[in-house]
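Have a look at the structure below before the remarks.
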Amino acid sequence: MSWLAAAGLATFRITIANYLSALIDVYTILIFAYILSSLYQSFGGKVPYNRALIAVLDFLRQVCEPFLGIFRRFIPALGGLDLSPIAAILVLTIGGDLIVRLIAG
C-alpha cells in the first residue's frame, strides 16, 4: 500500500470518527430535550394544542424512549426520581468516546 493510499484511509477513518462523534452529541442533546420536556409536563405544565409542538414531543419520545428503556429495566426510580437518563448519557458519552477513539486510531 502506498503512502498516498494510507493517508487516504487515515483521512477516511477520521471523517467517520468525526461523523460518529457528531451523532453522539446530537443524540445526547435530544435526550436532554426529552428530559426537560418530561420534567415540564410532570410539574403540571400543559402543552398547548399545537400540532407542530406535539409532533416534536412525539419525535423526542420515539427517539429517546427505546434507549432509555434499556436503563429503566435495571435502574429503579428512587421516590419518583428517575436516574436512568443519567446512566444512559454516561454510557453514551463514555462508550461513544471509546468507539470514536478506536475508529480514529
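Just so it is clear, none of the values below were taken in a lab; they were calculated from the coordinates. Just so it is clear, the structure is predicted and the values come from calculations on it, not from any experiment. Note: ideal-geometry Cβ built from the backbone for every residue, glycine included; neighbour counts use all protein chains shown.
Residue selection: Val47 satisfies the criterion of being assigned to a loop (DSSP other than H, G, I, E, B) and loosely packed, with under 14 Cβ neighbours inside 10 Å.
Rundown of residues vs (1) in a helix (DSSP H, G or I); (2) among the polar types (S, T, N, Q); (3) under 15 Å from the mean Cα position of the chain (by Cα), yes/no style:
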residue	(1), (2), (3)
Ala55	yes, no, no
Asp58	yes, no, no
Gln62	yes, yes, yes
Phe67	yes, no, yes
Ala88	yes, no, yes
Leu92	yes, no, yes
Gly96	yes, no, yes
Ile99	yes, no, yes
Leu102	yes, no, no
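Is it fair to say Arg73 is charged (D, E, K, R) and within 20 Å of the chain's Cα centre (by Cα)? Yes: the conditions hold for Arg73. Considered as a group, the residues in the stretch 14-37 that are of a type in the set (Ser, Thr, Tyr) and under 16 Å from the mean Cα position of the chain (by Cα) include one that is farthest from Val100 (Cα to Cα), and that residue is Ser37.
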